[in-house]
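Enquirer: My questions all concern the structure below.
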Amino acid sequence: MPHFVIIGNSAAAIGAIEGFRRIDSDSKITLISDEPHHTYGRPLISYLLLGKTDRERMLYRPADFYEKNGVTAKLGARATKIDAAAKTVALDSGETVSYDKLLYGAGSSPFVPPMDGLEDVKRKYTFQTLDSALALGEALTEVGANARVLIIGAGLIGLKCAEGIREKCASITFVDLADRVLPSILDAQASDIIKSACEAEGLAFRLGTSVASFTENTATLATGEKLEFDILVLAVGVRPNTALLKDAGVKVERGVVIDEFSRTSNTDIYAAGDCCEQKDVVTGESRIMAVLPNAYMQGEAAGLNAAGVSVQFDKAFPLNAIGFFGKHVLSAGFYDGEETAIVEGNNYKKFFVRDNKLRGFILIGSKHPEDGEIPAYERAGIITDLIRRGTDLSTVDFKLLTQHPALAAFGQDVRREYLGEEH
Amino acid sequence: MKRVYVNENRCLGCHLCEYYCAFAATGQSDMSRALKGKKIRPRIHIEEVPNSDITFAVSCRHCVEPLCVKGCISGALTKTDGVISVDRDKCVSCYTCVLSCPYGCLVQSESGVVDKCQLCLQTAEGTPRCVDGCINAAIIYEER
């Protein structure tokens, strides 16, 4: 019986376990994770600080998950080396684990660029793991409600962090080299909407600039402005954790290169999640698409293939669903091609079409729509599916879809298939 | 596995299924008392094809490969014995499922957390109320 070994304990790892166990209920599975926690929903750490969830409810799978799936979980154990020839993983405890098939789902780590004087800042935090969120929460408790927070990076991690801690501090100021918020998932107009919503909550922004130097409680910007703070959050970006596979001779570009079976360049090693790059379904180019649904499905494909069946996941593309201070943003795909914008009431919608196919979209609506108002995000998945399937837009009522996503926009044959057959 | 199937040739567009769905969620015994004057948030909804008289009902397909469950960031959406259900205590209202479902079948509840068709298995009757309430057999619950 093969031994399936998994490095990682988030969506990619859980997808791999669930995929593997669908086929193989007997073989041994060992999971290795440097985090000492039961699997938890990683994006939920901001909701934890916000009080919208708690440690128990944020478990990604039930407490008996490992036991029920026959998984030996080595939690708090760090993999230090992979020997691809001997097919072993060395742990920091000195133990060596042999594998027949390996899934590498080591995720990514916060990227902290060198900044002058950063070492003098005592209360500095990143925001990516449960432990980092708990540490930030403790710091806020220590400093108290007068805490002034400075966040470097106005991207997804920084903004979600701000939402999580807004009620626990006196002020939050962002510094970002980019000239707008969330440049990776929004266009300029949508960035303005979200920035305004944040400013209405008292958040302040210093965009298009950077920190020239730090002292313990002061950041001096490139503009010369000095910002006082009690707590510093570093949310500049993340880097994929690829070192172990690179050292093992596995092909790594920006991320670990995987195919549609989640195979790396080594036949016995699969990889999945934020550490990977894969061809996206829209452009066919290999890229990192570090969002949870892709991680789960790459992991699931790895698990199924490791168990001996041939199953592809070749539908990866960027997609994000996220709320910020009363606004909800849903986006998918790529923002090139001909643009169609619809701005009505609280709703902002933008669609990008190229070669008669939907390339991407951005939808922003109010979390609390007014009476009679249909929020922009309602039934958005119907539009997402146009990207996933590469649907020829001449076969659908695209105008209707941009107004109100509905299956009525498809032909009768498609509706019959969707609603009259098993999926 | 029994599922809800829809025949648009028989649908009258009467919206009764939506009311039965909303009523089922109340757990009450008198429909008019339960729903009168209230904004309903059904998990099934009637669509109309523009410039035609075609109408049809859409509710969760309980997919074999459910994108909503696979994409759920909190583990709130699960599939057990072929039925996809949502743990509303675990849902943080991120709407990744709304963005993922090709059929548009995850809905926003009054509190903001996600709601969806769970085939009325939790009701006293234990079978989909929309099916039992459909007056023209346009919605059927069967194995195909």
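The values are calculated or read from the model by the stated rules, or taken from the named source; none is laboratory data. Keep in mind that what you see is a predicted model, and the values were worked out from it rather than measured. Neighbour counts are summed over all protein chains in view; Cβ atoms, including those assigned to glycine, are modelled from backbone coordinates with ideal geometry. The accessibility values were calculated without ligands, DNA or RNA, using every heavy atom of the protein model including side chains. Shrake-Rupley method; radii C 1.70, N 1.55, O 1.52, S 1.80 Å.
Enquirer: Mind giving me the nanometre distance, one decimal, between the label points for A:Thr96 and A:Asn356, set 7 Å out from Cα along Cα→Cβ?
Expert: According to this spin-label approximation, the distance is 6.0 nm.
Enquirer: Using only the Cα atoms of the protein assembly as shown, what are the Rg and Dmax in Å?
Expert: 24.4, 74
Enquirer: Once amide H atoms are placed 1.01 Å from N in the peptide plane, what residues at a sequence separation of 5 or more from A:Ile151, or on another chain, have their amide H within under 5 Å of its amide H?
Expert: Correct list: A:Thr173, A:Phe174, A:Val175, A:Val233.
Enquirer: About the Cα centre, and with charges only on the beta carbon of Lys, Arg (+1) and Asp, Glu (-1), how big is the dipole of the protein assembly as shown? Nearest 20 debye, please.
Expert: Dipole size: approximately 420 debye.
Enquirer: Here's a follow-up. Provide the packing ranking of A:1-7, B:66-72, B:138-144, i.e. peptides ordered by the mean count of other C-beta atoms within 10 Å per residue, highest first.
Expert: By packing density, highest mean first, the sequence is B:66-72, A:1-7, B:138-144.
Enquirer: Report the Cα centroid-to-centroid distance between the stretch B:13-50 and the stretch A:269-334 in angstrom, as an integer.
Expert: Value for the Cα centre distance between the two parts: 36 Å.
Enquirer: Residue by residue, what Karplus-based ³J(HN,Hα) values in Hz, rounded to whole numbers, does the stretch A:219-233 have, using 6.51, -1.76 and 1.60 with θ = phi - 60° and x for Gly and Pro?
Expert: 10, 9, 7, 4, 6, x, 5, 10, 10, 8, 8, 9, 9, 10, 10
Enquirer: Only four residue types carry charge here, +1 at the Cβ of Lys and Arg and -1 at the Cβ of Asp and Glu. Report the dipole size of the stretch B:60-116 about the Cα centre in Debye, rounded to the nearest 20.
Expert: Dipole of the stretch B:60-116, to the nearest 20 debye: 120 debye.
Enquirer: If you don't mind, there's one more thing I want to ask. Under 14 Å Cα-Cα from B:Lys90, which aspartates and glutamates qualify once same-chain neighbours fewer than 8 residues away are excluded?
Expert: A:Asp54, A:Glu56, B:Asp115
Enquirer: Given the pairs A:Lys74/B:Lys79; A:Lys28/A:Lys87; A:Lys357/A:Lys399; A:Lys327/A:Lys349; A:Lys279/A:Lys315; A:Lys327/A:Lys350, which are separated by over 18 angstrom at their Cα positions?
Expert: Check vs 18 Å cut-off fails for A:Lys74/B:Lys79.
Enquirer: Need the C-alpha centroid separation for the stretch A:335-368 versus the stretch A:71-145, integer Å.
Expert: The stretch A:335-368 and the stretch A:71-145 have Cα centres separated by 37 Å.
Enquirer: Same structure again: Using a simple spin-label model with points 7 Å from Cα along the Cα→Cβ vector, what separation in nm is obtained for B:Arg88 and A:Asp268?
Expert: Label at B:Arg88, label at A:Asp268, 5.1 nm between them.
Enquirer: What percent antiparallel are the DSSP beta bridges of the protein assembly as shown, to the nearest 5?
Expert: Once the DSSP bridges in the protein assembly as shown are tallied, antiparallel ones form about 65 percent.
Enquirer: Accessible area, 1.4 Å probe, largest first: how do A:Lys357, A:Lys195, A:Lys279 sort?
Expert: Reading off the accessible areas and sorting them downward yields A:Lys279, A:Lys357, A:Lys195.
Enquirer: Give the percent of DSSP beta bridges with both residues in the stretch A:16-112 that are antiparallel, rounded to the nearest 5.
Expert: In the stretch A:16-112, DSSP labels about 60 percent of beta bridges as antiparallel.
Enquirer: Grab the beta carbon distance between A:Thr80 and B:Ser52, set R0 = 56 Å, and tell me the FRET efficiency rounded to 0.05.
Expert: So, using R0 = 56 Å, E works out to roughly 0.30.
Enquirer: Rolling a 1.4 angstrom probe over the protein chains, ignoring ligands and nucleic acids, what is the accessible area of B:Ser59 in square angstrom, nearest 10?
Expert: The accessible area comes out at roughly 0 Å².
Enquirer: Taking each residue in B:84-95, count the Cβ atoms of any other chain within 10 Å of its Cβ, then average. What number comes out?
Expert: Rounded to a whole number, the mean comes out at 5.
Enquirer: Run lengths n ≥ 4 of DSSP H only: what is the helix-derived mean residue ellipticity at 222 nm for chain A, with -39500 (n - 2.57) per run over all residues, to the nearest 500?
Expert: Result for chain A: -7000 deg cm²/dmol, rounded to the nearest 500.
Enquirer: Could I ask something else about it? Ratio of alpha-carbon Rg to the 2.2 N^0.38 Å globular estimate for the stretch A:313-381, to two decimals, please.
Expert: Against the empirical 2.2 N^0.38 Å value, I get 1.16 for the stretch A:313-381.
Enquirer: If you count, for every residue in A:378-388, the Cβ atoms of partner chains within 10 Å of its Cβ, what is the mean?
Expert: Across the residues of A:378-388, the mean count of other-chain Cβ atoms within 10 Å is 6.
Enquirer: Please determine, in degrees from 0 to 90 and to the nearest 10, the orientation of helix B:16-26 with respect to the longest principal axis defined by the Cα atoms of chain B, where the helix direction is its Cα long axis.
Expert: 50
Enquirer: If you don't mind, there's one more thing I want to ask. Once fully extended, how much extra length lies between A:Asp392 and A:Thr88, figured as 0.36 nm per residue of separation less the alpha-carbon to alpha-carbon distance?
Expert: 104.7 nm
Enquirer: For peptide A:288-301, how many partner chain Cβ atoms fall within 10 Å of a residue's Cβ, on average?
Expert: 3
Enquirer: Please give, to one decimal in nm, the separation of the simple spin-label points placed at B:Ala124 and A:Glu370, each 7 Å out from Cα toward the Cβ.
Expert: The answer from the label model is 4.2 nm.
Enquirer: Stokes-Einstein at 20 °C, 1.002 mPa s, Kirkwood radius from Cα pairs: D for the stretch B:60-116 in µm² s⁻¹?
Expert: Rounded to a whole number, D works out at 194 µm²/s.
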